[in-house]
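Visitor: Okay, here's the structure, questions in a sec.
The values are calculated or read from the model by the stated rules, or taken from the named source; none is laboratory data. If you're wondering where the values come from, they're calculated on a predicted model, not measured in any experiment. FYI the Cβ positions are ideal-geometry reconstructions off the backbone, even for glycines, and counts take in every protein chain you see. What goes into the accessible areas is simple: the full protein's heavy atoms, side chains included, and nothing from ligands, DNA or RNA. Shrake-Rupley method; radii C 1.70, N 1.55, O 1.52, S 1.80 Å.
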Amino acid sequence: MIIRRAPDIRSSEITPESVYVNRRQFIRAATAAGAVGMALGPRALAGEEAAQSQEIPARFARMTSELDEPLNTYEDVTTYNNFYEFGTGKADPSRNSGAFRPKPWKVRIGGECNRPGEYDLDDLLAGVTLEDRVYRLRCVEAWSMVIPWYGFQLSTLIDRVEPTGNAKFVVFTTVVRPEEMPGQRAPILRWPYIEGLRMDEAMHPLTLLATGVYGMDLPNQNGAPLRLVVPWKYGFKGIKSIVSIDFVEEMPLNTWKQQNSFEYGFYANVNPNVSHPRWSQARETRLPGLFKNHETLMFNGYADQVQHMYAGMDLERWK
Amino acid sequence: MTAQRAVLALKLALWVGALAPGIRLVHGVLTGGLGANPIEMLTHWTGMTALVLLMITLSITPLRRITGWNPIIRLRRPVGLFAFFYALAHFGIWFVFDMVFNVRWMLDDIAERRFITVGMAALLVLVPLAVTSTRGWIRRLGKRWGKLHRGVYVAATLGVVHYYWLVKADVRLPLAFAAGLAVLLVARHPRFAAPRPAPGGGRSAAQREEDDVDAERVRIG
Ligand code: HEM
């Protein structure tokens, strides 16, 4: 029995898929296969275009995170998330995103780079290889999932557009389409949603631009057709439905920090030692579990790969 | 329809209406119909139901004055008790699943998080009210019963503050509750509460409070 594993990425090296023979994993794989089977059941398929037209590829039945954590089901990943553009409830994005049209799609790239312009998403994707990346997603609200994203490293895109020496930060912007995004019809947040990364964070090999999940196109509710995934940061950094990427000199004011700077910062690194003012970040509910008894790991378990970027920084202050 | 029957019908409606959210939640838990994070749904809907029932409790006295139909007062205690039990379940779910039975974590959270602090205060205010809602206590406390039970205004206010403080961005619904609460508090004010206070002839707030207690007693009698 050969078990393929999701790649375990370090900043120094990118490990190719390792090959495993392990009885315990085999048992878990069998369970995961069952879970995927369930996700493909009639209930999951209802109203789920992506799953209707494609089947979840078999390779996911055996996949786990590098910490041997099982994947959350396709159904969980696509019916429970925050995307305020479609409403503030966790089921709102999957319910209210049917009218959203992610194709065709253009991304405007600008600011401090040598090759600015309006790029067709298909052209951007023509030169890259899409790959599975199994990451933990830790929401600032203290729940978490393990998700097999599908996408490419942001660094490959950044290299192609050649940022200048003045580029210190990257700013991302979500599309504004109140006609298709009912949440945007009310001033819940100041639209458009904006997020940013420091240049070294953006270039980090863990940082992903995702176009899919479970090997299939991103459903609208998960940020189709292009979203950011930064696994060592709280989920709100993972901006969805990106229409522009700008290279700038100054640290941008991201949406949640603008909304409430006492509670959310620019860095938003997962940190069990720095509480959110309204709840502890030391523990999380690992869905579909019921109890908030899963210990939160520093940098969401990616400390080895990322902590060097924050050496000497007061993480209490730069939260 | 006699008043007796009308009250009975309303009580039936109350039981059905107040039990429905609970039954739906239990059904959802058993069938897996609450989505990926059932605990969040349980917390959300028990909290919401508790708050709505508290607001209904508060609106019964003004309704009685507006309609002049006294028997409606007999719904006040059962609605209030339902509100209490939802709040208790809400707390229980938080203690079991979020705090994982850890009293130390619970105390830390109550001390450190202001929305939990006021939520806890709201629940604690409701405890003596629920305990003294029996016939025996109404008889024993006499006029003081009404005064004690004004605590429900305190609990509702704390409940609304709790809700306002816990939402992340969209405060429209908490503000709607706050507006509703403000209307109910104003409606309680003697100037608005007595429709036509003849000079010297209007009933004092204390007098009305006693009437309320009397109404409860009529029920017992
Ligand atoms: C009379 C007492 C209370 C009332 C009326 C009340 C009401 C509410 C309401 C309306 C919500 C919002 C539901 C939502 O939108 O998700 C809520 C959420 C919540 N309440 Fe309460 N509550 C009360 C007491 C408590 C107590 C005693 C605790 C814990 C000690 C508590 C903990 C919570 C938590 C953890 C949430 C969810 C917060 C979140 O989603 O981030 N509440 N409550």
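Visitor: Please identify the GluC sites (Glu not before Pro) of region A:224-310 that satisfy two criteria: DSSP loop assignment and at most 10 other Cβ atoms within 10 Å. Which are they?
Guide: Answer by residue number: A:E250.
Visitor: Need one number: nm distance between label points at A:E55 and A:E250, each 7 Å from Cα along Cα→Cβ, rounded to one decimal.
Guide: My value for the distance between the label points is 5.5 nm.
Visitor: Take B:R104 and B:R24, extend 7 Å from each Cα along the Cα→Cβ direction, and tell me the distance between the two endpoints in nm.
Guide: With each label point 7 Å from Cα toward Cβ, the separation is 4.0 nm.
Visitor: When only alpha-carbon atoms count, how far does region A:147-206 stretch along each of its three principal axes, as whole angstroms with the largest first?
Guide: Principal extents (Cα only, largest first): 38, 32, 17 Å.
Visitor: First select every other residue whose beta carbon is under 14 angstrom from the beta carbon of A:F291; then total the charges, Lys and Arg +1, Asp and Glu -1. Let's see the in-between values first.
Guide: Details: positive: A:R283, A:R286, A:K292; negative: A:E284, A:E295, B:E40, B:D98.
Surrounding charge for A:F291 is -1.
Visitor: Here's another thing I want to ask about it. Using a 10 Å Cβ count of at most 16 others and DSSP loop calls, identify the longest part of chain B lacking such trypsin sites (Lys or Arg not before Pro).
Guide: Result, exposed sites excluded: B:1-149.
Visitor: Give me the lysines in straight-line cross-link reach of A:K257: C-alpha distance below 24 Å, same-chain residues under 8 apart excluded.
Guide: A:K90, A:K168, A:K233, A:K237, A:K240, A:K319, B:K168
Visitor: Hey, another quick one. Throw me the Rg/Rh for region B:1-101, computed over C-alpha atoms with Kirkwood Rh, two decimals. Numbers along the way, then the final one.
Guide: Numbers: Rg = 16.1 Å, Rh = 14.9 Å.
Over the Cα atoms of region B:1-101, Rg/Rh equals 1.08.
Visitor: Measuring from label point to label point, each 7 Å out along Cα→Cβ, what is the B:K11 to A:N293 span in nm?
Guide: 4.2
Visitor: Further question on the same structure: Where does helix B:76-93 land angle-wise versus the long Cα axis of chain B, in degrees 0 to 90, nearest 10?
Guide: Taking Cα atoms only, the helix is inclined about 10 degrees.
Visitor: Could I ask something else about it? Provide a whole-number value for the mean count of partner chain Cβ atoms within 10 Å of the Cβ atoms in peptide B:106-116.
Guide: Per residue, the average neighbour count from other chains is 2.
Visitor: Here's something else I'd like to know. Kindly identify residues of region A:66-108 having a loss of at least 10 Å² in accessible area between the isolated chain and the assembly of all protein chains, probe radius 1.4 Å.
Guide: Residues meeting the cut-off: A:D76, A:Y80, A:Y84, A:T88, A:K90.
Visitor: Could you give the length gained on full extension between B:R140 and B:R172, defined as 0.36 nm per residue of separation minus the Cα-Cα distance, in nm?
Guide: 7.2 nm
Visitor: Moving to a separate point now. Restricting to DSSP loop positions (anything but H, G, I, E, B) with no more than 16 other Cβ atoms inside 10 Å of their own Cβ, which trypsin sites (Lys or Arg not before Pro) remain in region A:171-261?
Guide: Those that pass, being in a loop and sparsely packed, are A:R190.
Visitor: Could you tell me the extents of chain B's C-alpha atoms along the three principal axes, largest first, rounded to whole Å?
Guide: So the extents along the principal axes, rounded to whole Å, are 58, 37, 36.
Visitor: Within chain B, what's the longest run with no chymotrypsin sites (Phe, Trp or Tyr not before Pro) in a DSSP loop and at most 14 other beta-carbon atoms within 10 Å? Give the range, please. Please report the intermediate quantities before stating the final value.
Guide: Details: sites that count: B:W69, B:F101.
Answer from the scan: B:102-221.
Visitor: Report the accessible surface area buried between chains B and A, summing both sides, using a 1.4 Å probe on protein heavy atoms only, in Å² rounded to the nearest 100.
Guide: 2100
Visitor: Tell me, what is the FRET efficiency for B:A179 and A:D314 to the nearest 0.05, using R0 = 41 angstrom and their Cβ-Cβ distance as r?
Guide: Calculated value: 0.45.
Visitor: What's log10 of I(q)/I(0) for region A:84-238 at q = 0.09, 0.12 Å⁻¹, Debye sum over Cα points only, no solvent?
Guide: -0.29, -0.52
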